[in-house]
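The values are calculated or read from the model by the stated rules, or taken from the named source; none is laboratory data. For clarity, every value in this text was computed on a predicted model and none was experimentally measured. No Cβ is skipped: glycine too gets one built from the backbone with ideal geometry, and neighbour counts run over all protein chains shown. The accessibility values were calculated without ligands, DNA or RNA, using every heavy atom of the protein model including side chains. Shrake-Rupley method; radii C 1.70, N 1.55, O 1.52, S 1.80 Å.
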Amino acid sequence: METETLPENTLLLETERLILRPLRREDAPGLLALYAQPEVTEFIDIPVMREEEEARRWIEGLEKLQRAGEGLRWGVFDRESGDLIGTCGFHHWDRARRRAEVSYDLSPRWWGQGYMREALQAVLQYGFERLNLHRIEALVDPRDTRSQNLLYGLGFKMEGILRDHDYLKGRFQDDMVFALLEGDWKNQT
């Protein structure tokens with residue numbers, strides 16, 4: 001059952017260096033450039049993209065996810081250049097239980113400069129304040145130390161490891177479960 005779509009103007013998030021907005025079909029070339037990089041997709045359930053049509057289908061899938069009220073994903077754009085440098089957002093959004101899972105990706109050119117931290121701070125704030133979330137979770141491959149450090153830095157707590165929880169790229173993998181509660185967020189802001 002589809003739910004009312006949030007107006008796009010309420011989904012525009014701005015930070016000092018970034019503009020976050022829902023992806024549009026015309027963003028397909030930028031999304032292809034992002035997901036054509038194996039380093040970007042190494043730890044996520046998105047294959048390396050080779051064709052612009054793959055990026056268009058992915059954007060269409062995100063639009064359906066939003067219309068169904070099951071998630072939101074923003075394109076992360078560098079304010080100065082206008083380039084699409086990553087994406088982030090919520091999926092497995094459970095309104096009744098007031099929780100969602102956050103995920104994100106960023107072009108290696110922008111790694112280590114605080115861009116994803118900046119983007120996620122805006123997304124987490126939106127989740128707690130606008131979506132009325134109580135709990136935001138993240139599942140992380142134990143080999144992905146960049147994500148672990150990012151989440152710890154944002155106040156997430158690692159709650160445990162789900163053994164052989166996911167099957168990605170031809171193999172089972174463990175997932176580290178991280179969570180940030182609404183109260184934790186309020187206490188640090």
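Assorted remarks:
- For region 128-151, a residue qualifies if it is within 17 Å of PRO108 (Cβ to Cβ) and not polar (S, T, N, Q), and the qualifying residues are ASP141, ARG143, ASP144, ARG146, LEU150.
- Conditions (1) part of a strand (DSSP E or B); (2) of a type in the set (A, V, I, L, M, F, W, C); (3) free of Cβ contacts under 8 Å to residues at least 60 places away in the same chain: number failed by LEU151: (1)
- Residue among ARG21, ARG95, ARG67 that is open to solvent by 30 Å² or more (accessible area, probe 1.4 Å) and within 25 Å of ARG146 (Cβ to Cβ): ARG21
- With respect to the conditions (1) in contact with a Lys or Arg (Cβ under 9 Å, 6 or more places away or on another chain); (2) of a type outside the set (A, V, I, L, M); (3) open to solvent by 60 Å² or more (accessible area, probe 1.4 Å); (4) touching a residue at least 40 places away in the same chain (Cβ under 8 Å), ASN132 lacks only one, and its number is (4).
- Scanning region 110-148 for residues that are among the acidic types (Asp, Glu), closer than 28 Å to ALA36 by Cβ and not in a loop (DSSP other than H, G, I, E, B) yields one hit, GLU118.
- Filtered residue count, region 168-189, keeping only those that are open to solvent by 10 Å² or more (accessible area, probe 1.4 Å), closer than 16 Å to ASP144 by Cα, touching a residue at least 40 places away in the same chain (Cβ under 8 Å) and in contact with a Leu (Cβ under 9 Å, 6 or more places away or on another chain): 1
- Matching residues, region 5-23, being at pLDDT 95 or above and either hydrophobic (A, V, I, L, M, F, W, C) or farther than 17 Å from GLY69 by Cα (or both): LEU12, LEU13, GLU14, THR15, GLU16, ARG17, LEU18, ILE19, LEU20, LEU23
- Verdict on THR41 being hydroxyl-bearing (Ser, Thr, Tyr) and touching a strand residue (DSSP E or B) at 6+ places or on another chain (Cβ under 6 Å): no
- Residue in region 176-184 that is within 24 Å of LEU12 (Cα to Cα), among the acidic types (Asp, Glu), modelled with pLDDT of 95 or more and in a strand (DSSP E or B) present: no
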